[in-house]
Amino acid sequence: MKEAKILVVDDERAIADMMATVLRKEGFSHIDLAHDGEAALAACERTRYDLVLLDVMMPGRSGLDICPFIRSTTDAPIFFLTARSSDFDKLSGFAVGGDDYITKPFNPLEVVARIQAQLRRYLQPKALTQPAHQEEETPLGRYDFGRFQIDEAQATLTVDGQPSHCPALVFQLLLFLCKHPNRVFSKSELYLRVWGEEAFADDNTVMVHIHRIRERIERNPSKPEYLVNVRGIGYKLIRPKGAR
């Protein structure tokens, strides 16, 4: 994990330099800096990063503007750094492809903890928490829900016989649910089991990723058949009868 390539994008050079210093002290050695949107896009064209820290408010093209372009080239986690903290701002960040949202001012060590948690899951997808009911897990790591199939070894999602592009954390959340069919999880449980840091639990993060899953596996995401709400408790993934 310490070999991960990280891009820090912030027009405030002091913040970018501070994050780079803290990350290096924590053992990360491959860190690049960019101070505007165009430089960030150029860096992503040159290098395949394992995680991107992306400031929202920058001169020229904002982090929200360039995030979809970065997301189109990589499934790596993208963290937004911003002084804006409203629910609307957070949802806007998730909607364009962000995986986490950190508001300024922030504790750099907390950011590092979040980075480590994300990288464990992005770089080691097979290291997800072991399922509570071992008998429910398919030995080969392939889960068939009729309309869609997910292959853990190949890290692929197939829907109606066609491959479906799936960002890393969306895939990992769906994989976790596939390993535990018909079981209800609260949003905080899902965050802990997939994101890995209970202290940083964010309902919006889970809700947006649930929506991203539904966009891929449901015929009508507004009327889900597979990934359903259990009112007042959380979510469960329903395995159709006859599916393996």
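The values are calculated or read from the model by the stated rules, or taken from the named source; none is laboratory data. No experiment lies behind these values; they were computed from the predicted model shown. Glycine also receives a Cβ, built like all others from the backbone with ideal geometry; neighbour counts cover every protein chain displayed. These area figures cover heavy atoms from the full protein model, side chains too; ligands, DNA and RNA do not enter into them. Shrake-Rupley method; radii C 1.70, N 1.55, O 1.52, S 1.80 Å.
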Task: Selection status of E225, modelled with pLDDT of 90 or more and either within 13 Å of the chain's Cα centre (by Cα) or crowded, with 16+ Cβ neighbours inside 10 Å (or both) - done: no
Task: Number of the condition not met by V52 [criteria: (1) within 19 Å of R121 (Cα to Cα); (2) surrounded by fewer than 17 Cβ atoms within 10 Å (Cβ to Cβ)] - done: (2)
Open item on the list: Looking only at residues that are in contact with a helix residue (DSSP H, G or I) (Cβ under 7 Å, 6 or more places away or on another chain) and in a helix (DSSP H, G or I) in region 1-51, which one is nearest to P77 (Cα to Cα)?
Closed with: C44
TODO: Determine the pairs where a residue that is open to solvent by 20 Å² or more (accessible area, probe 1.4 Å) and in a loop (DSSP other than H, G, I, E, B), located within region 196-217, has a partner that is modelled with pLDDT of 75 or more and among the aromatic types (F, W, Y) with Cβ atoms under 9 Å apart, the partner being 6 or more residues away or on another chain.
DONE: E197/Y191; A201/Y191; A201/W195; D202/Y101; D202/Y191; D202/W195
